[in-house]
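Novice: Got a structure for you, written out below as structure tokens; questions coming shortly.
The values are calculated or read from the model by the stated rules, or taken from the named source; none is laboratory data. The shown structure was predicted, so the numbers you read here are calculated from the model rather than taken from an experiment. Glycine also receives a Cβ, built like all others from the backbone with ideal geometry; neighbour counts cover every protein chain displayed. The accessibility values were calculated without ligands, DNA or RNA, using every heavy atom of the protein model including side chains. Shrake-Rupley method; radii C 1.70, N 1.55, O 1.52, S 1.80 Å.
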Amino acid sequence: DIYDSLYEKAGWPQQQAHFASAVKHTQLRYQDTLPNVIYQALVENSNQRFAIEAMHQRGQKALRQQLDNPTSALEFFESTTGRKVVAAEIAASHPEQLNHYAAGLPLIHAEATRRLLLRHLSQILPASQAGADVSLALGSVAADSLSQMLPGLMSTEQTKALLNTQRQRLINEIDTHIDNTLLHIYRNLSDAELEEFVSFAQSPEGQAY
């Protein structure tokens, strides 16, 4: 099945596994700051919402529902450049890498041409929005868990407004460093490979993907 192949070739199973690891790590950070009964509700709710098989099903369903023609995307991710892009992205989200660079990424120096390619990429990819959504994923479950344990603490509108404020703050923060972040993630791609990646991302098929 072409959609299953695209999901696999684009690296989503590995990314989902890395996200599941990050959820477990973040759960532990809440353990010492929440009352046990609320912490247990958080763990149960987040384990249910972010169950690995359920995430796979949602991801594959999204591809089928929202991507009318997956052929071009699959062709790109099966190409040499596409495989290098996926490998770079999977490596960047690996738990060991996240721990290693927890204090921040090193400043990457690059020629103007390469910086321009990454600037184009940062404007095309929804990297900042995705980063903010991932960062807030467990926070939204924590808010739901608090509301579940303490009804009336916050209304749905208040919770949504708080999360939206946090989301915009995270987007602004990520945007400040996005060029250097992408330079780091795709550091092993040549300028020619980056140009090929940008061309795919800018194409109608790449935009749809």
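Novice: Could you give the accessible area per residue of the chain, probe 1.4 Å, as a whole number in Å²? Write down the numbers at each step before the final one.
Specialist: Numbers: 12300 Å² over 209 residues.
Using a 1.4 Å probe on heavy atoms only, each residue of the chain averages 59 Å².
Novice: Here is a further query. Grab every C-alpha pair in the range 21-180, bin the distances at 5 angstrom width from 0 up to the longest one, and report whole percents.
Specialist: 1, 7, 11, 16, 19, 17, 13, 9, 5, 3, 1, 0
Novice: Relative contact order (percent) for the chain, with alpha-carbon contacts under 8 angstrom and 6 or more residues of separation?
Specialist: On the way: 150 pairs, mean separation 68.0, N = 209.
Contact order relative to length: 33 percent.
Novice: Averaged over every viewing direction, what's the projected area of the C-alpha convex hull for the range 62-127? Give it in nm², one decimal, please.
Specialist: Across all orientations, the range 62-127 yields a mean hull projection of 6.4 nm².
Novice: Regarding the range 158-209, what whole-number volume in Å³ per residue does the convex hull of its Cα atoms give?
Specialist: That works out to 103 Å³ per residue.
Novice: At 1.4 Å probe size, with the rest of the protein present, what percent of the exposed accessible area of the chain is carbon and sulfur atoms?
Specialist: Details: 6490 of 12300 Å².
The value for the chain is 53 percent carbon and sulfur by accessible area.
Novice: Go ahead and set up a Gaussian network model of the chain, Cα springs under 10 Å, then flag whichever of 100, 18, 184 fluctuates most.
Specialist: Top of the fluctuation ranking is 100.
Novice: Enumerate the calculated ³J(HN,Hα) couplings along the range 165-178 in order (Karplus 6.51 cos²θ - 1.76 cosθ + 1.60, θ = phi - 60°), each rounded to whole Hz, writing x wherever the residue is Gly or Pro.
Specialist: 4, 5, 4, 5, 4, 5, 4, 4, 5, 5, 4, 4, 10, 5
Novice: Moving on. Can you report the principal axis dimensions of the range 10-85 using only the alpha carbons, biggest first, rounded to whole angstrom?
Specialist: 50, 26, 14
Novice: Hey, another quick one. In degrees between 0 and 90, to the nearest 10, how far off the longest principal axis of the chain does helix 52-66 point, with axes built from Cα atoms?
Specialist: The angle comes out near 50 degrees.
Novice: Which value, in debye to the nearest 20, describes the size of the charge dipole of the range 1-125 about its Cα centre when Lys and Arg Cβ atoms bear +1, Asp and Glu Cβ atoms bear -1, and nothing else is charged? If you can, show how the numbers build up before the last one.
Specialist: Numbers: 12 positive and 12 negative charges, 68 e Å.
For the range 1-125, the charge dipole is close to 320 debye.
Novice: If each DSSP helix of 4+ residues adds -39,500 (n - 2.57) and the sum is divided by the residues in the chain, what number results at 222 nm, nearest 500 deg cm²/dmol?
Specialist: Roughly -25500 deg cm²/dmol at 222 nm, from the helical runs in the chain.
Novice: Moving on to the next point. Do you know the relative contact order of the range 10-90, to the nearest whole percent, from alpha carbon pairs under 8 angstrom that are 6+ apart?
Specialist: On the way: 25 pairs, mean separation 39.0, N = 81.
With pairs under 8 Å counted, the relative contact order is 48 percent.
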